[in-house]
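The next block holds one structure in the form of structure tokens; read it before the comments.
The values are calculated or read from the model by the stated rules, or taken from the named source; none is laboratory data. Fair warning: this is a prediction, and the values are worked out from it, not measured in the lab. In this analysis, Cβ positions are derived from the backbone assuming ideal geometry, glycine residues included, and neighbour counts consider all displayed protein chains. Protein only, heavy atoms only, side chains kept; ligands, DNA and RNA dropped before computing areas. Shrake-Rupley method; radii C 1.70, N 1.55, O 1.52, S 1.80 Å.
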Amino acid sequence: MSQKFPPQVVSLTHHFTVLLSATRRGARLARLLTERQLEEWGTYLDGSAHVVAELAANAVTHGRVLGRDFRLALRLYEDGTLRVEVTDARGVRLPHIQEAGAECAESGRGLLIVAAYADRWGVDQAPAGGKTVWAEMPPDRGDL
């Protein structure tokens, strides 16, 4: 888990949530829906689609339970911060960043992408034995 800045209390301006099938198709749809929803809200955050793609791919690869969907939630706050939450059904398989030396592995680098774009990310317990992996991304700034 990464925490670069302490949390602040900021008002929520927009919220979107959807249940998607825990399949590769559902993961692709999560990314597309994120792009469209942010466009509808009139905002764009660099890397948001990548973060959603990685978290959704992890949910369908590592968090899948037969017959259970995963949930995508997007929360846009007054200060422009976007919080992405992906909830899957398998709470016992917690995500972690691969240790150094695993550069040659064919998988396991997705959370590095999440950590690169997010100010903070983490994991919370969810109902029915699930987990929610979340990431908070700051508003785009010209100096980045």
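Structure data summary
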item	result
Subset of segment 54-86 [under 20 Å from residue 119 (Cα atoms) and of a type in the set (A, V, I, L, M)]	55, 56, 72, 73, 74, 76, 82, 84, 86
Filter result (of a type in the set (Gly, Ala, Ser), in contact with an Asp or Glu (Cβ under 7 Å, 6 or more places away or on another chain) and either in a loop (DSSP other than H, G, I, E, B) or on the phi > 0 side of the Ramachandran plot (or both)) within segment 61-84	63
Single unsatisfied condition, residue 78 versus (1) within 18 Å of residue 35 (Cβ to Cβ); (2) at pLDDT 80 or above	(1)
Residue tally, condition touching a Leu at 6+ places or on another chain (Cβ under 8 Å) and in contact (Cβ under 8 Å) with a residue 40 or more places away in the chain, over segment 22-42	4
Residues of segment 22-60 that turn out to be touching a strand residue (DSSP E or B) at 6+ places or on another chain (Cβ under 8 Å) and assigned to a helix (DSSP H, G or I), as a count	16
Subset of segment 29-68 (residues that are polar (S, T, N, Q), open to solvent by less than 70 Å² (accessible area, probe 1.4 Å) and under 21 Å from residue 131 (Cα atoms))	34, 48, 58
